[in-house]
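The values are calculated or read from the model by the stated rules, or taken from the named source; none is laboratory data. Just so you know, these numbers come straight off a predicted model, no measurement behind them. Note: ideal-geometry Cβ built from the backbone for every residue, glycine included; neighbour counts use all protein chains shown. Only protein heavy atoms, including side chains, enter the accessible area calculation; ligands, DNA and RNA are left aside. Shrake-Rupley method; radii C 1.70, N 1.55, O 1.52, S 1.80 Å.
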Amino acid sequence: MNQLSPTVRRAGALGLAAASAALIVSGASALTASAAPSSASTSSVCGTIKHCKVVKHVDVDGDHRKDTVAIVPKKLHQGSPTEVTVRVKLASGKLVKTTVKNLSGPGGDYLFRGAARLDGHRGAELFISHLVGAHGVSYRVLTYRHGALQTLLPPKADAGITSRDWFTDSALNFETGVFRSRHPGQPAKIKIKNAAYSEKAKRMQGEVVSYRWQNGGWHHLSTVKRSWAQEHSDFGGWHLSGLHGV
């Protein structure tokens, strides 16, 4: 994930690296600054919990009403949290929560990446930056199922590698991007594009892997080998409605 020097990263990755460095330096102060609830909705989801911060108002459970999402960073190590508890106060009044452990990254404002539809169920998924590298990021994606927040697993890798995280990357010589599409009356589909620079071919070479949401999971549709000119391969990161970038 961290193979390239900062001098050869894309502008987007440079932005992430710069932001990460700034957040690491100011992690403790940023954590303290977010401690005080500022509204009725904040207090209802956070109660009297220190460092609890509302980050989003979005429909999580799929009932077409906005819910309140808050995060509670925990266990600072060198200014950055190593755990985060995600708390969601549903419009119905129910509180659901879960904790993501073993974080590695800057925390701060980058800890909660955003909310967007990813799978085929109603309601938005919540994206937590789990492992942050120089230009690649592994995300823990949370979804509301059966009355609780659960991890939305990515498709299984063809090589048999299993992970609970979704990975995106954007650098001069590496790209990984996730795209989602859905048409009325049809299941949700995603495409995962991967590419690495080939010195021999002088091009970015990789594949586009397509999946369809079916029976509560990702069903593999196709794997197509692709080649891109380097100037046309800037597709790393998320490409979801409401969520973009690494």
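The set of residues in segment 177-192 being assigned to a loop (DSSP other than H, G, I, E, B) and either farther than 15 Å from Ala124 by Cα or without any contact (Cβ under 8 Å) to a residue 60 or more places away in the chain (or both) consists of His183, Pro184, Gly185, Gln186, Pro187. Remark: Leu172 matches the filter, which requires a residue to be open to solvent by 40 Å² or more (accessible area, probe 1.4 Å) and touching a residue at least 24 places away in the same chain (Cβ under 8 Å).
Of the residues making up segment 143-157, those that are surrounded by 19 or more Cβ atoms within 10 Å (Cβ to Cβ) and closer than 18 Å to Lys189 by Cα are Thr143, Leu152, Pro154. Residues of segment 44-66 that are more than 19 Å from the chain's Cα centre (by Cα), within 22 Å of Gly147 (Cα to Cα) and either of a type in the set (D, E, K, R) or surrounded by fewer than 17 Cβ atoms within 10 Å (Cβ to Cβ) (or both): Ser44, Gly47, Gly62, Asp63, His64, Arg65, Lys66.
I'd like the residue in segment 50-66 that is in a loop (DSSP other than H, G, I, E, B) and of a type in the set (D, E, K, R) and, out of all such residues, is farthest from Lys94 (Cα to Cα).
Initially, segment 50-66 is screened for residues in a loop (DSSP other than H, G, I, E, B), giving 50-52, 59-66.
Okay, now just the ones that are also of a type in the set (D, E, K, R), so 50, 59, 61, 63, 65-66.
Working: Lys50: 20, Asp59: 13, Asp61: 11, Asp63: 13, Arg65: 13, Lys66: 13 Å.
Result: Lys50.
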